[in-house]
1. How high is the relative contact order of region 124-217, in percent, with contacts defined as C-alpha pairs under 8 Å that are six or more residues apart?
2. For the residue pair Asp195 and Glu213, what label-to-label distance in nm results when each label sits 7 Å from Cα along the Cα-to-beta-carbon direction?
3. With the crude spin-label approximation of a point 7 Å out along Cα→Cβ, what separation in nm comes out for Met162 versus Arg48?
4. Below 8 Å, C-alpha to C-alpha, sequence gap of six or more: please give me the relative contact order for region 107-263 in percent.
5. Multiplying the sequence separation of Leu124 and Asp246 by 0.36 nm and subtracting their Cα-Cα distance, what value in nm do you get?
Amino acid sequence: MPRMLDVGDDVRAEIGDEEADRLLAGDSAPGSYDCTSCRTPGDCEQERTSTVLFIGDETAVLAFAHAGCLPSQVVKVTEEQLQGAVRSISADQPHQEAAPAAPAPRKAVPEQAVLGVTSGLILLAGELHPALVVEPTAPIARPGTAGAGDDFLPLLIEQGFMPVTELSAAPAVLHGWSVLLAMGQLHAVLQPGTDGGRPVAWWQAHQPLQVTEGWRTAANKHQQVLMFAAPVGSIGRQPREDLLRDALDKAAANGQLVAAALPLAGT
């Protein structure tokens, strides 16, 4: 049976036509694999499979994913991240669940603020949804201005995020934005590229953000992640999901919360 393998143009450009053809012929691709996104078994002879190439500064690793989880693509990561992933795969140890509230910083301009990103499960209308809560450590000024105001929420509203006054239902999907979940970890929040180009990172983890197995399962079930954003000082670092939910409810009631549902990258 022919392999149902997809090798994207960008992956082919990196690995070369000869290696790409060998993959498609089945000479160098495994029949079965663990999906690099959802971490569950897959079989490229039985189901559509994507090739995902992770590129570090000196190393490249070719991985495989269910086509419904990720498209074939090139993902650039730091050499440290890539070596850590290789060590983790080589160790072949059971997955260690991380705490639900795990911050991952990224510098943002022009105030050089840090965007704190926390993952957690949010209960809406009786169903658990995977969520990311974003809160900067300082006011975010509008690019090109020298004022001391905080335009974080207005800037996101201009991008399509909607104000939330209460957490009673999932927000609408914001097309063009997405969440990149790979190697079972959160790598980035992507926004549309300029002039219809490839998506670019709006936020990218300095180190991949660990998420719980329950969070990852919910993300793959819904094929989307809810992103909530609030200005500095609205949420704080909450050690438990119930406290995170309380902080979100208060921010919403105070008119300091925006949200959108972001598809998983490639869906």
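1. The normalised contact order for region 124-217 reaches 19 percent.
2. Rounded to a tenth, the inter-label distance reads 4.8 nm.
3. Going from the Met162 label point to the Arg48 one covers 2.8 nm.
4. 30
5. 42.6 nm
None of the figures in this text is laboratory data; all of them are computed from the coordinates on show. Please read all numbers here as calculations on a predicted model, not as lab measurements. Please note: Cβ atoms are built from the backbone with ideal geometry, for glycine as well, and neighbour counts cover all protein chains shown.
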